[in-house]
Amino acid sequence: MTAFERIDFDELRAALREINADGWLIYDFHGINPVAPRLVDYRSMVTRRLFVWLPAAGPPTSIVHTIDASRRGVVVHDMAGAA
């Protein structure tokens, strides 16, 4: 089970509302964010920018370049069912 799959989205949304945030944007490029690989579950450095938007309302969204999405070790989750 990945960190993403363990997220309690109801709890996350409540915390985001508590601080009046629209969501949490996770970003990585060339491994500069140590949280991103653990959350999104990729084991090799992405060569393009990677974004994951965890909104205070609605389903999470990821934006990953197809080059990185097709590389070995990069797992792109189906986030539609995570709401």
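Coordinate-derived values only; no laboratory data. Computed from a predicted model, the values in this text were never measured in an experiment. Every residue, glycine among them, receives a Cβ derived from its backbone with ideal geometry; neighbour counts consider all protein chains shown.
Data table
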{"item": "Burial ranking of peptide ranges 9-19, 28-38 (average Cβ count within 10 Å, highest at the top)", "result": "28-38, 9-19"}
{"item": "Radius 13 Å from Cβ of residue 17, net charge of other residues (Lys, Arg +1; Asp, Glu -1)", "result": "-3"}
{"item": "Extension gain from residue 29 to residue 7, taking 0.36 nm per residue of separation minus the Cα-Cα distance", "result": "5.7 nm"}
